[in-house]
Structure formats: structure tokens, C-alpha cells
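**Student:** Have a look at this one.
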Amino acid sequence: RQKKRRRNYDSESEDSDDDDDDEHGTASVDFMKILTAEGVRSIISTFVKTFPPCSDQGRVLGERIVGKIESVLSACEELTESERIVISLAICSIYILDARSQFIEKAEASRMVSRPSLRHLWWEGCLAYIVWDCIPIIERRELYSLAIEALHVLLYGCVAIGDNQSLGMGDRNPLAPLLLSRRARGKALDRLVIDQTHLNRRRISQMEVDTAPSKTGETKSSKKQQLQLKKKASIEAASEVSSFSERVLHQVVRSSMIAFSSIRGLARRLKRPLPNVLRNVFCLEAQELGLRLENDSKTELEKARESENKGYSDWTPITDKAIANALDNEKEGAGSRCIFVGNDSSPSINVEQLAMECYEEGSLPASDMVSGDSAVVGGWVGWHDEGGYVRAIFRVLSSAPLLGVDWGCSSSLAPGDETLFCSPYQGAPFDLHVGFGLNTEIDDSSAIAHSAIPGFYVRQRQKIERFLNQLTETNPQGLCDAIFRAIEARLIFGLDNNRKDPSLERDLKNLRTLSFIAAGLGGQLLASVFRCMVFDYRHYSGGLPDLLLVRATAIKGGNREVVDLSSIIGESFSAEYQQEKLDIRGAKMLADEEFLGCSKVGDSGNSGSRSNNWARSARSPQGKRDPKPPLSLSDLPQKLELEVNGEPIEPECMMVEVKSSNDRLDPRQEDWLNILDRHGNARVCKFEDKRKSSKRKLAEAAVS
């Protein structure tokens with residue numbers, strides 16, 4: 001049967017013109033003819049040009065790929081045509097990358113490593129993201145051996161070698177650091193462990209069948225032997241996963257080659273508290289960004305008990321818990337959201353809007369969860385923007401002094417910056433998306449050396465430290481002044497040079513709001529947030545808490561009271577805007593607009609809609625907007641002064657991640673809460689239904 005399949009596969013290229021329709025009469029989608037041996041060889045011939053001259057690797061590589069495709073497709077007959085195409089494309093990309101890593105010249109590899117910001121412009125990077133996007137389909141069809149090969153070539157630059165495919169660190173070649181970002185590399189390591197676990201389970205189940213006695217009358221001794229073999233194999237497989245996680249952690253923790261959230265994911269598999277796992281290991285990212293391994297409030301006795309008990313534990317955020325029963329949702333399945341009844345009895349608010357109502361009326365946070373000696377309760381208002389305003393403040397304050405985006409003011413570029421700024425309309429230099437890390441290099445004498453990956457954090461380290469130190473020492477009113485001066489300078493430059501600034505109009509409309517938020521967050525917290533952004537913008541540009549809540553308090557009659565923000569700020573707190581917000585409930589102003597040079601959707605180039613569609617449809621029924629007059633100095637709002645009637649006010653900000661009953665925190669969200677809680681007010685709001693809340697309280701009472 002396999003010989004017949006091989007003959008059919010080799011002959012498909014000859015009569016492919018006659019087989020444009022599949023067996024169901026629908027047009028074939030294999031426009032590259034990758035399901036034919038001739039089509040595969042045609043694709044390979046394009047990349048063979050990069051191999052050394054007088055090399056026979058093109059023919060050898062073609063036979064290797066054709067044989068692999070035939071083997072995989074014949075073992076999984078229920079694949080659709082689209083799945084067969086995707087898997088074939090993945091196999092071609094895997095083995096082309098493997099061959100490229102073998103024949104790449106050292107000088108060329110060094111040039112590529114020195115400019116990682118151009119990764120997405122190289123064909124190696126494009127092939128890597130093709131493989132990365134194909135892996136979920138490969139895993140869905142339970143082709144775990146192929147998935148492990150794909151992940152191994154992405155992580156180490158070469159296909160795993162060995163008859164018994166198992167977890168291994170592999171020999172990193174110069175191509176490996178160029179293929180994936182830190183965030184994607186961490187996900188790839190996690191998928192590698194999961195796929196190997198699935199493969200081990202399959203082998204154990206097959207071993208159970210192979211060792212089953214062939215005779216009917218199975219004896220007790222044979223059953224016992226079978227169980228012992230299965231138990232031994234399971235223990236060895238679990239030990240292999242733990243050993244691999246331990247080895248990887250000792251490498252990536254020091255070099256910061258994967259994100260801290262992925263480090264915690266690997267450490268969780270060791271089933272020990274995180275401080276114990278990283279006790280003798282220097283965690284580069286945790287030290288740079290101030291990430292804590294455990295809560296500061298734990299006593300020495302609690303730490304000793306955790307070290308004795310088996311199980312994983314690390315830092316946990318402050319959590320506000322409330323009871324809210326969701327209404328039955330007509331939309332079931334993935335993507336459906338819980339609906340709740342709000343204060344106005346309208347069952348049309350989601351869980352984030354319900355949380356905003358609770359914090360505004362003062363039912364959250366609980367009195368025992370409020371820090372400080374402030375007796376002010378409630379009064380919190382804000383937005384469900386998922387960090388949009390914080391990213392806007394980062395862009396406004398750091399564009400000119402830190403990112404080097406000055407809208408054409410600079411007459412010349414620094415040496416080496418020619419490939420970082422290709423257009424005066426860029427929102428950020430290309431290397432902002434290169435996360436900080438240490439690359440492992442092995443020279444001719446087999447000596448191991450570490451060198452920093454040349455990204456933004458390395459290139460501008462002195463400027464970053466100077467900027468962040470200045471930001472830390474700035475008082476709240478100074479932050480308001482800095483926001484005003486930055487936006488005013490852009491407006492004047494645009495008017496003088498007739499240059500358009502895509503985000504200037506939005507910044508002018510929100511100038512006083514941005515100023516108040518910056519003052520409420522404070523210079524120390526903003527410096528911590530900005531450090532994360534420049535450390536690895538591609539990772540830390542997402543994952544910020546859902547809600548940004550603000551309020552202003554002032555002393556009146558000897559008591560501190562909440563001040564109406566509409567009289568201080570105006571803008572989004574005005575009565576007109578609030579009515580518009582009610583008409584367009586749930587609109588997000590900045591959540592999809594404040595990403596510099598990338599999309600928050602994924603690491604492979606997928607981009608979502610970045611247009612503000614709600615504003616277009618709401619203000620004009622036909623979707624057409626009236627022509628706007630050009631900007632002028634009269635569009636610049638007044639600078640925000642933190643006082644009312646000559647009395648100073650105290651701006652406050654709180655960031656809240658909202659979770660419904662069945663939802664849980666993402667690791668990157670946990671890291672952001674860890675960072676924000678250090679110098680600010682950040683917490684989780686967890687809504688539980690009444691039944692689950694009762695069970696939880698009974699369990700807590702039993703433990704106590």
C-alpha cells in the first residue's frame with residue numbers, strides 16, 4: 001500500500017493539470033503544487049541558491065523532504081486537503097531551516113545576529129513564523145513527533161537527532177536567536193514539554209498493548225508485571241520532563257532568553273516554590289524590572305512551611321472578591337461573554353462594567369483591603385482600556401527624548417541607526433521590538449561567552465537610565481507640565497512644517513486626562529512601567545490590567561472628600577461625553593490604537609483592526625465624517641493645574657484586572673500586577689457566583 005502511495009505521489013506532478021478538482025468536485029487550493037513531489041522540489045530549488053556552490057545538498061534535501069511528507073501523510077489519512085498542504089509546507093520549512101543552519105557562513109551569521117531588528121525582513125524569519133503558525137494544526141492532528149521537530153528547529157536552529165526522540169537542549173547555532181521573539185520562544189518551550197508529554201503517554205499506552213500476554217487466561221503475575229512496567233515508564237517520563245525544565249531554567253534565567261512569565265511556567269512543573277527553584281540562580285529579568293518571587297508580607301514561619309510542603313507557589317496579587325450571578329447567555333461556546341444586571345437594571349453590561357460600578361459606589365474594595373489611613377470610599381471612575389492610556393503616556397513622554405522619534409527635527413542619524421529609522425513617520429525604532437537578553441556564543445576553542453543581544457535596551461542604556469531617574473524624581477504637577485510641553489511641541493512643529501501627526505489630534509483631546517493619569521500614577525510607577533516597555537516592548541505592550549480607575553480627593557472642612565473630575569479635567573468627564581458613552585456602551589478609545597509598530601494579537605505578524613470604528617459609526621449614521629478644519633494653536637487645551645479654588649487636590653489611580661467566575665489570570669497579567677503593585681495600587685477583581693462562593697468559604701473555614 002505504501003509503495004502504491006509513493007508511486008501516486010511521484011506521478012501527481014505529471015498529471016496535476018488534469019486534477020484541478022478534488023474527489024468532491026471542488027477546486028483544489030494547492031496552488032503551489034506542494035502536494036506533489038515536483039512542486040516540493042521546485043520550492044526547494046529556490047532556497048538551495050543560499051547553499052555553498054558545488055553542493056549536492058539540493059537533491060539530498062529534496063529526497064529527505066519528499067520522504068518525510070509521504071511518511072507523515074500516509075500515517076494520517078483523515079487529513080483534509082488544506083491540512084495536508086499546511087503540514088507539507090511546515091515540513092518543507094523545517095528542513096530548509098535545518099539545512100540553512102548547517103551551511104550558513106559564520107560571517108553572514110554574525111552580521112544577522114548584530115541586526116536582530118531586521119528579523120522579519122529575512123526569509124529565515126518568515127519561514128520560522130510559517131512553522132510557528134503551522135504547529136497548532138500539527139498538534140491538533142496529534143502529530144507530536146513532527147511538532148517536536150518543528151519546535152526544536154525554532155528553538156535550537158536544527159532538527160532533533162536520534163532514533164528515540166526525546167527532550168534535549170541541543171546545540172544552539174548562530175541562527176537560533178534570530179527566529180523567534182522572547183515571548184514566542186517561551187511559548188515554544190512550553191509546547192515542547194507538552195508535546196513530549198503527549199508522546200510519552202502514547203508510547204506508554206502502546207507498551208501496555210505490546211506487553212499484554214497473547215494467551216487467554218492472563219495470570220496475576222503478568223498483570224503485576226504489566227503495571228510495574230507502565231509505572232516505571234511513567235516515572236521515567238515525568239523525570240525526563242522535570243530534568244529538561246531544570247536544565248532549561250538554569251540557562252534561560254541567567255540569559256533572559258524567554259520572558260519571566262514563561263520562566264514561572266517551567267518552574268511550576270518542578271512542583272516547588274519559585275524562590276526555592278531560583279535560589280542559586282541569578283534571574284536577570286526579575287532583577288532588572290523588580291519582579292518579586294514571593295509576597296513581601298509573608299512571615300518566616302509561612303516561608304518555612306511552604307518550603308517543607310510540596311507544591312508550586314510564587315507572588316500573588318491582592319484580590320477583591322464579590323458575588324455576582326451572570327444571566328443566561330443565548331450565545332454559548334468559546335467567545336461568549338457573561339452578562340450582568342447593572343445598577344440601572346439593564347442586563348447589558350459585561351463583567352468589566354460591573355466592576356467599575358462596584359468601585360464607583362464603594363462596595364469594592366472591602367474595608368480591610370484598603371491600604372493607608374484614607375477614609376475615602378468609592379468615587380472611582382475610569383475606562384476599560386487594557387492599558388491604552390498608559391501606553392499613550394509612554395509614547396507622549398518618551399518619543400522625543402528616548403525613542404528618537406522627533407518628527408524630523410533631527411538633521412542626521414547616529415551611526416548604525418540607518419536601518420532603525422527608515423521613515424520620519426515611524427512610531428518607534430525597529431529595535432524596540434528586540435527584547436533584552438544574553439546570547440550564548442561558543443568560539444573555536446569551545447569557550448562559552450555571553451554577549452547582549454543588540455536591541456533598544458542595550459543600545460540606549462545610558463539614555464534610558466538618565467531618563468527614568470529624572471522621571472522618578474518628578475512630582476505630580478511636574479508630570480502634568482511634561483505632558484503639556486510634549487504635546488505642545490508636536491503641535492507647533494506640525495504647524496510650522498505642515499507635517500501630519502497621526503496621533504496628535506487624539507492627544508490634544510485627551511491632554512488633560514493624560515496629565516491627570518500621569519500625576520495619579522506618579523513618577524516612580526511610571527518609571528517602572530517604562531522600563532518594562534523598553535526592556536521588551538513586544539512582550540510588555542500587552543497584558544496590562546483591564547480597568548484604569550481614577551479619582552481626585554481634597555480636604556474640605558477638615559475631611560478628605562472626592563472631587564468631581566468634570567470640574568477639574570473636563571474632556572472625557574464632561575456631561576456631553578458621558579452621554580455619548582451611554583449611547584455607545586462598551587466603546588474602547590485607546591485599547592487598539594496605542595501599540596508602537598506592532599499588533600497586540602500575536603507574534604507572527606497577524607494584525608487586528610486598529611481603526612476606531614465605533615466613533616465613525618456613532619457620529620455619522622452613513623459612516624461619513626464631515627471634513628474637519630486644520631489644527632491650530634487654539635486647539636491646545638490649558639495646562640492642568642492640580643488645584644481647585646486654590647486648594648491642592650490629590651490625584652489617585654488604581655488598575656484592576658477583572659475576572660469572572662470561570663476565568664483566571666494569564667502569566668503576563670500576573671507579571672504586570674507584580675510590577676504595578678510595587679509602587680502603585682493594582683489588584684484583581686474576582687466575581688464568583690453564590691454557589692461557588694459558599695463552597696470557597698466553607699473550604700477556607702475548614703483549613704483555618
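**Student:** Sorting check: for 551-564, 456-469, which peptide has the highest mean count of neighbouring beta carbons within 10 Å, and how do the rest follow?
**Tutor:** The densest-packed peptide leads the list: 456-469, 551-564.
**Student:** Shifting gears a bit: Of TRP383, TRP123, which has the most accessible area and how do the rest follow, probe 1.4 Å?
**Tutor:** Ranked list, largest accessible area first: TRP123, TRP383.
**Student:** Something else now. Counting only protein heavy atoms, what percent of the accessible surface of region 221-296 is carbon or sulfur at a 1.4 Å probe?
**Tutor:** 51 percent
**Student:** Which entries in LYS187/LYS659; LYS509/LYS639; LYS509/LYS628; LYS68/LYS106; LYS106/LYS187 show an alpha-carbon gap greater than 19 Å? Don't jump to the answer; show the numbers that get you there.
**Tutor:** Values: LYS187/LYS659 23 Å; LYS509/LYS639 12 Å; LYS509/LYS628 14 Å; LYS68/LYS106 29 Å; LYS106/LYS187 28 Å.
Pairs exceeding 19 Å: LYS187/LYS659; LYS68/LYS106; LYS106/LYS187.
**Student:** Arrange the residues LEU495, LEU154 by how much accessible surface each exposes, largest first, with a 1.4 angstrom probe.
**Tutor:** Numbers: LEU495 75, LEU154 0 Å².
My answer, sorted largest first, is LEU495, LEU154.
**Student:** Amide H to amide H, which residues 5 or more places from ARG115 or on other chains are under 5 Å from it, using H placed in the peptide plane?
**Tutor:** Counting only residues 5 or more places away or on other chains, the set is empty.
**Student:** A further question follows. Report, as a whole number in µm² per second, the diffusion coefficient that Stokes-Einstein gives for region 521-572 at 4 °C and 1.567 mPa s using the Kirkwood radius over alpha carbon pairs.
**Tutor:** Value of D from the Cα-based Kirkwood radius: 93 µm²/s.
**Student:** Applying a 10 Å radius around every beta-carbon, put 472-478, 426-432 in order of their mean neighbour count, most first.
**Tutor:** Descending mean neighbour count gives 426-432, 472-478.
**Student:** So, one more: How much of TYR156 can a 1.4 Å solvent probe reach, expressed as accessible area in Å² and rounded to 10?
**Tutor:** Approximately 10 Å² for this residue.
**Student:** Right, something else. Considering only protein heavy atoms, what per residue accessible area in square angstrom results for region 445-578 with a 1.4 angstrom probe?
**Tutor:** Here the residues of region 445-578 average 41 Å² of exposed surface.
**Student:** How large is the accessible surface of LEU270 in square angstrom, using a 1.4 angstrom probe and rounding to the nearest 10?
**Tutor:** About 20 Å², ignoring ligands and nucleic acids.
**Student:** I need the phi-derived Karplus couplings for region 652-663: 6.51 cos²θ - 1.76 cosθ + 1.60, θ = phi - 60°, integer Hz, Gly and Pro marked x.
**Tutor:** Calculated HN-Hα couplings, in order: 10, 9, 9, 10, 10, 9, 9, 9, 7, 4, 9, 9 Hz.
**Student:** If each of CYS76 and GLU647 carries a label point 7 Å out from its Cα toward its Cβ, how far apart are those two points in nm?
**Tutor:** Output for this residue pair reads 6.9 nm.
The values are calculated or read from the model by the stated rules, or taken from the named source; none is laboratory data. In this text, all values refer to a predicted model and were calculated from it rather than measured experimentally. For neighbour counting, all protein chains shown are included, and Cβ atoms are generated from backbone atoms with ideal geometry for every residue, glycine included. The area values use the complete protein model at the heavy-atom level, side chains included, leaving out ligands, DNA and RNA. Shrake-Rupley method; radii C 1.70, N 1.55, O 1.52, S 1.80 Å.
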